1. Assuming R0 = 56 Å, what is the FRET efficiency of Lys364 and Asn422, from their Cβ-Cβ distance, to the nearest 0.05?
2. Ordering His283, His334 from largest to smallest accessible area (1.4 angstrom probe), what's the sequence?
3. How big is the accessible area of Glu636 in square angstrom, nearest 10, if you roll a 1.4 angstrom probe over the protein chains?
4. Quick check on region 509-641: of the DSSP beta bridges with both residues there, what percent are antiparallel, nearest 5%?
5. Given H placed on each backbone N at 1.01 Å, which residues far from Gly389 in sequence or on other chains put an amide H within less than 5 Å of it?
6. Using a 1.4 angstrom probe and counting only protein chains, how large is the accessible area of Trp40 in Å², to 10?
7. On a C-alpha basis, how far is the centre of region 601-618 from the centre of region 247-319 in Å? Whole number, if you could?
8. Excluding same-chain residues fewer than 8 positions from Lys468, which aspartates and glutamates have a Cα within less than 18 Å of its Cα?
Amino acid sequence: MSTQQSLPIRKRITFRILLTTVIGLIFTLMAIAYTLLLSWQLEGGAAAINEAGSLRMRSFRLALVLEHAMDSKTVENELEQFNNTLFDLRNGDAKRPLFLPASGDIMQQMNLVQTSWQDRMQKDARAALLETDAARRVEAVARYRQALPPFVNDINQLVSMVEVELSGKTTWLRLCQTTLIFMSLAASVAMLYLLYLWIIGPVTRMRTGIARMSEDDLSVRLPVETEDEFGVLAIAFNKMADHVQSAQRTLEQRVLDKTKKLQAQNHEVSTLYELAAFLAGPHAIDELCRGFLRRIMQRIQADGGTVRILDNQRDNMHITVHEGISEKMIEEEHCIKTDDCLCGAAIHQGVILVRDFRHLNPQKRYRCQEEGFVSIAVFQIIARQQVIGSFSLHFMQERSISGEERRLLETLGQNLGIAIENQRLIAREKEFAVSQERNLLAQGLHDSIAQGLNFLNLQVQMLEDSLKRNDTQEIADVVPLLRAGVEESYEDVRELLLNFRTRLQDSNLESEMRNVLTKFERQTGVRGRIEILGSGAPLAPEQQLQVLFILQEALSNIRKHAQASEVKVHVHNERDFELIVADNGKGFSMEEVRKKSDAHVGLRIMQERAQRLSAQFDIVSQPGAGTTISLHLRREERLVA
């Protein structure tokens, strides 16, 4: 909840400032209004003085008019103007403004002037105006003249009283203006003081407190002197200072805890890195397990340990390596069922942790306890989501495995399982490669040496039969055939040995292909040409070797069957790789080859090698038109050299 919502409105600084401003504004407006009222009254009184003064002038002027016997219209006009002026003085005129001060003495004097005019002066003036007799008219004018001085004296008395009244109001006006000035000064000073008291002072104290705190003075506290927003801020500041001071007190311990935790994590990461680097090396399975167990025992400070591999077919556990375990126990448990001990039970149950064997069932026998171990921890070895074994850690003292250590050991168990499975896969791959090479060797022997030996066997039988019959002519005919068969078998053996001994030097496929073609020319006398185009990356060594074998097999078939005089080899290496071998020999019918596929071992060997490359292999041949073989390795199947 915010400060504005939690504080009552009467305690808020904004309310105080607004209230003070409104009160000051009210007093200021009242003073200004009063001064305006006084100014208005002074203005109206001044006009009244002027009008009263004009009554004196009109009184004398009316006397002159009556004495000179002017026409009645002029007299009536003077009388009317006098009455109007007297009426304005009596009733006032707000438009001008014009009014007499509302004091009792002035109004009484005004009544006296008005009564004297109406009861005496106006009657004498009208009598002089209306009299036709000259003597009476003169007498009326004389009476008017006789009453004029007292009447004018009353008017003067009225003017004097108004002037005295206006003089007092002028004094009040000046006093109000002076008071207004002092009120403005006092209000400004009061507002500045209140602003300092309400805002500037608390802000200064808070800034001082923040400055002291920034200088690591965590003992600073602000006084809570008000219940307004700054009071709430002071309370919040003090709470924050308490929290910071408390946090500072425990910061060193927390830093130490964090440092220990980071050290443990770094140790864990280093252990993972070291073991991962070790498990990634080319080690035998027993070497992997032994190195793994020694490093884990050193990391966990275990006194003994074993690594057992699961035999799924017999449901047995075999101890592969062990450390710190007596030979007697190894002899007894080198091969056990998975249900016979804790190490085997971990295969089905997962992680098994025993902090103290003395707390387990005393009726059940535990070989680890008999060896003197108090605690044991057993973890699974997992590969491809399947358990392939377990490893155990034995402790002479009571030992508990923390959550971090448990996660680390579980992860390492998975890494060991992957490493073991990789070694098994590498062994199977080597076995498969050897099997394939043996198959190709058997096919080559069957295609060349076996058939040659079969031919020699027939010729030897014919020679024996000729010797029995003592047929020298037939013997003479058989002996050259035997010599030719032996020489051909010898050449086949040399060619097979050459093929199986072929290795790439510095992964230079181009030079090796040129060497193979040169040897072919030297042995057969057939002219050969090779053309290598393209600027693509070199093939991987294993792919280069298979391409070279296919070229050798193709040249061997040309030597044996094509009866060609020229061979062309074309290589185009871009993103795709292409090999074309063409001869101008006698060729053959593709239909016959398909019907007698078992008899053409050489072609089948080339096809199988192309399949190992995942390449496309094609043969085009016609009787009398030569033969062309092509190997096309697409970019998706190329391996990085």
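1. Taking R0 as 56 Å, the efficiency between Lys364 and Asn422 is 0.90.
2. On the way: His283 50, His334 95 Å².
Greatest to least solvent exposure: His334, His283.
3. Counting only protein heavy atoms, the figure is 120 Å².
4. 75 percent
5. Leu310, Ile381
6. Accessible surface of Trp40 is approximately 110 Å².
7. For region 601-618 versus region 247-319, the Cα centre distance is 48 Å.
8. Partners found: Asp477.
The values are calculated or read from the model by the stated rules, or taken from the named source; none is laboratory data. Source: prediction; values computed, not measured. Every residue, glycine among them, receives a Cβ derived from its backbone with ideal geometry; neighbour counts consider all protein chains shown. Accessible surface is based on the protein model in full, side chains and every heavy atom, while ligands, DNA and RNA are left aside. Shrake-Rupley method; radii C 1.70, N 1.55, O 1.52, S 1.80 Å.
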